[in-house]
Amino acid sequence: MVAFYGGSHRLQSAVRMIFPPECVSCRAPVDTEFALCGDCWRDTPFIVGAVCDQCGTPVPQGDEADEDLRCDDCLRKPPPWSRGRAAVLYSDNARSMVLGLKHGDRQDLARPMSEWMARAARPILQKDMLVTSVPLNRWRLLKRRYNQSALLAQRIAQDAGLDYCPDLMLRPRATPKLDGKDAAAREETVSGALKLHPRHRDRAHGRHVLIVDDVMTSGATLSEATHILRAAGARNVSVLVFARVAKEP
C-alpha cells in the first residue's frame with residue numbers, strides 16, 4: 001500500500017511537471033489545479049458579507065449571519081422559496097465562466113464553480129436535503145450534450161453528502177430565451193414549462209429540496225420550479241445559483 005501510494009504520488013508529480021496547473025479562466029500558471037490566477041480572481045465579483053436570505057443578493061447593511069435579512073425586492077414581492085444563495089454577481093469574469101460552461105463545452109469549470117457555490121450555501125444546507133437542478137428541454141439537451149446546472153448540482157450533492165435526483169423535474173416544451181425580457185415577460189414565458197417527472201412523483205414529498213441553477217435574473221424559472229415541487233408535497237424549497245444578476249440600486 002505504501003509503495004502504491006508513493007508511486008501514485010510520483011506519477012502525479014510527473015504529470016504536474018509536464019502539465020502544470022493553469023488558471024481555469026485565462027490559462028495563466030497557478031499553484032493549484034482548478035484555481036484562478038490573481039488577475040482573474042480580482043475580476044470575479046464574489047458575493048461576500050451580508051446578503052438577502054431569500055435571493056442571495058448583497059445587502060448594504062446587516063449582519064452576515066442574520067437569517068432575517070431581505071432585500072427591498074424580496075420584501076415587496078417575496079419569492080415562493082424559503083432561502084437562497086449565490087456565489088458571484090453575473091458580470092466580468094463570472095459571466096465569462098457561466099458562458100464557458102453553458103455554451104463553450106468548458107465542463108471542467110463545473111468543479112471550481114460548484115465549490116464556490118457550496119461555500120456560499122453553507123448557511124442554508126441541511127443534511128436531509130434533496131438536491132436537484134433546473135431541467136433543460138430534451139432538444140436543447142441533445143444539442144448541448146449536457147445540462148450545466150445538473151453538473152453543478154451533482155458535484156454539490158456529492159461533496160455535501162446529500163441525496164441527489166437529476167431528473168426530478170422535466171421541461172416538456174422548449175421555451176424562448178429569456179434574455180432581454182422583463183420580469184413579467186419571464187414569468188409568462190416559463191409558466192407551465194416545467195413538470196414533475198412521473199417516475200419521481202413521490203420523491204419530493206415531505207422533503208426539503210434544494211434547486212440548483214447557473215444564473216438567477218428575475219427568479220422566474222426558479223419560482224416555477226418551486227411551485228411544481230410545492231404542489232408535489234415538498235416540505236420546503238431553497239435555491240442555489242452560481243451567479244446572481246445584480247439588482248438595480
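If you line up the long axis of helix 2-18 against the longest principal axis of the chain, both from Cα atoms, how many degrees apart are they, to the nearest 10? Computed tilt is about 80 degrees. Across the protein chains, with a 1.4 Å probe defining accessible surface, the residues H197, H227, H208 rank H227, H197, H208 from largest area downward.
When mean projected area of the Cα convex hull in nm² is computed from the coordinates, the matching label among (i) 20.0; (ii) 15.8; (iii) 15.0 is (ii). Taking the longest Cα principal axis of the chain as reference, the axis of helix 110-121 is set at about 60 degrees. To the nearest 10 degrees, how steeply does helix 220-231 sit against the main Cα axis of the chain, on a 0 to 90 scale? Value to nearest ten degrees: 70. In terms of distances greater than 25 angstrom between alpha carbons, the cross-link table entries K143/K195; K77/K247; K177/K247; K102/K127; K77/K143; K77/K102 yield K102/K127; K77/K143; K77/K102.
Note on Y90: accessible area approximately 60 square angstrom, rounded to 10, probe 1.4 Å, nucleic acids and ligands left out.
Entry comment: accessible area of the chain is 54 Å² per residue, from protein heavy atoms only and a probe of 1.4 Å. Annotation: average projected area of the stretch 98-203 is 7.7 square nanometres, based on the convex hull of Cα atoms across all directions.
Going by accessible surface with a 1.4 Å probe and the largest first, F242, F19, F34 read F19, F34, F242. Taking a quarter of the surface of the Cα convex hull of the stretch 45-136, what do you get in nm²? Reported value for the Cα convex hull: 7.0 nm².
The portion of the accessible surface of the chain made up by carbon and sulfur, rounded to a whole percent, is 52 (1.4 Å probe; DNA, RNA and ligands excluded).
Taking other residues whose beta carbon is less than 12 angstrom from the beta carbon of A231, and scoring Lys, Arg as +1 and Asp, Glu as -1, yields +2. Other residues lying with their Cβ under 12 Å from the Cβ of T132 contribute a combined charge of -1, Lys and Arg counting +1, Asp and Glu -1.
Rolled with a 1.4 Å probe across the full set of protein chains, the surface gives E187 an accessible area near 90 Å².
The values are calculated or read from the model by the stated rules, or taken from the named source; none is laboratory data. Since this is a predicted model, take the numbers as computed values, not measurements. Heads up, the Cβs are rebuilt from the backbone with ideal geometry, glycines too, and the neighbour counts pull from every protein chain shown. In case anyone asks, the SASA skips ligands and DNA or RNA and just uses the protein heavy atoms, side chains included. Shrake-Rupley method; radii C 1.70, N 1.55, O 1.52, S 1.80 Å.
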